[in-house]
Amino acid sequence: MDQQLLAKTFVELADNLVADFDIIDFLRLLTDRCVGMLDASAAGVLLADRDGKLRVMAASDERVRLLELFQLQNDEGPCLECFRTGVPVIVPDLGTATARWPRFSVAARRSGFGAVQALPMRLRDEIVGALNLFHTSPDPFDPAATPVAQALADVATISLLQQRTAERSTVLNEQLQTALNSRVLIEQAKGKLAERQGIDMEQAFTALRGYARAHNRRLADVARALIDSSEPLTGLGS
């Protein structure tokens with residue numbers, strides 16, 4: 001494990017006290033670093049909205065995003081179980097989970113995954129979501145990597161909760177709702193850009209994210225501009 005990158009990641013996840021805090025980019029950073037540092041094949045994050053329902057907020061690739069949506073639509077899977085119980089769910093071989101999650105286990109293996117673990121995003125008694133890590137092969141998870149993944153999830157949770165003010169519940173719910181709305185815009189922009197440039201959805205997201213970072217803009221603002229064609233986005237196919 002790259003110790004310098006790990007230290008940098010903790011700093012990045014804790015450095016949220018800025019006016020333009022971008023929750024979508026923040027959570028994508030979490031999934032990307034879990035894949036890059038912890039030998040996970042893919043990662044996803046689900047957060048609860050104002051009604052307590054889990055929503056897909058970030059995924060390291062399109063396969064995971066679709067699988068997380070499948071999990072929610074079928075009301076079964078490790079992230080749901082983890083969120084509801086508040087304890088980690090670790091399954092080193094999804095082939096043994098057909099009785100536990102009959103539809104999810106089949107869908108996950110069809111997507112190329114053989115193992116999964118879900119870690120709660122919680123602070124004391126408050127659970128805001130769950131972090132899912134996937135492996136392509138059905139093997140035991142690295143016992144040294146799991147505590148690091150939980151620590152990353154914990155830091156991310158603290159950062160999300162720190163966004164609250166005295167009306168902390170209302171503020172976080174509004175922020176999550178805004179993030180959900182932003183997610184819809186980003187998905188629409190991904191589809192438009194993918195069709196326009198003849199690329200896949202993951203490449204489209206990478207292009208959007210790269211443009212937003214290069215121009216110091218929020219992902220949702222770039223997505224809205226692309227959808228509305230309200231301004232030229234030089235270098236982004238518009």
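Values as computed for the structure displayed
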| item | result |
| --- | --- |
| Alpha-carbon Rg/Rh ratio, for the range 65-123, with Rh computed the Kirkwood way | 0.94 |
| Interchain or long-range residues, amide H under 5 Å from Ala42's placed H | Phe134 |
| Longest to shortest principal axis, alpha-carbon extents of the chain, angstrom | 51, 46, 39 |
| Angle between the chain longest axis and helix 62-73 axis [Cα atoms, degrees, rounded to 10] | 70 |
| Surface per residue (accessible, 1.4 Å probe) for the chain, Å² | 46 |
| Helix 219-228 vs. the chain, principal-axis angle (Cα, 0 to 90°, nearest 10) | 60 |
| Share of carbon and sulfur in the accessible heavy-atom surface of the range 41-83 [1.4 Å probe, %] | 46 |
| Straight-distance crosslink candidates among aspartates and glutamates, where the alpha carbon sits under 20 Å from Lys192 and sequence neighbours closer than 8 are dropped | Asp25, Asp61, Glu62, Asp200, Glu202, Asp221, Asp228, Glu231 |
| Largest-first ellipsoid semi-axes for the range 85-220, taking √(5λ) over the Cα gyration tensor eigenvalues, angstrom | 29, 25, 14 |
| Mean projected area in nm² (Cα convex hull; one quarter of hull surface) for the range 180-224 | 2.7 |
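The values are calculated or read from the model by the stated rules, or taken from the named source; none is laboratory data. For clarity, every value in this text was computed on a predicted model and none was experimentally measured. For accessibility, only protein heavy atoms count, side chains too; no ligands or nucleic acids. Shrake-Rupley method; radii C 1.70, N 1.55, O 1.52, S 1.80 Å.
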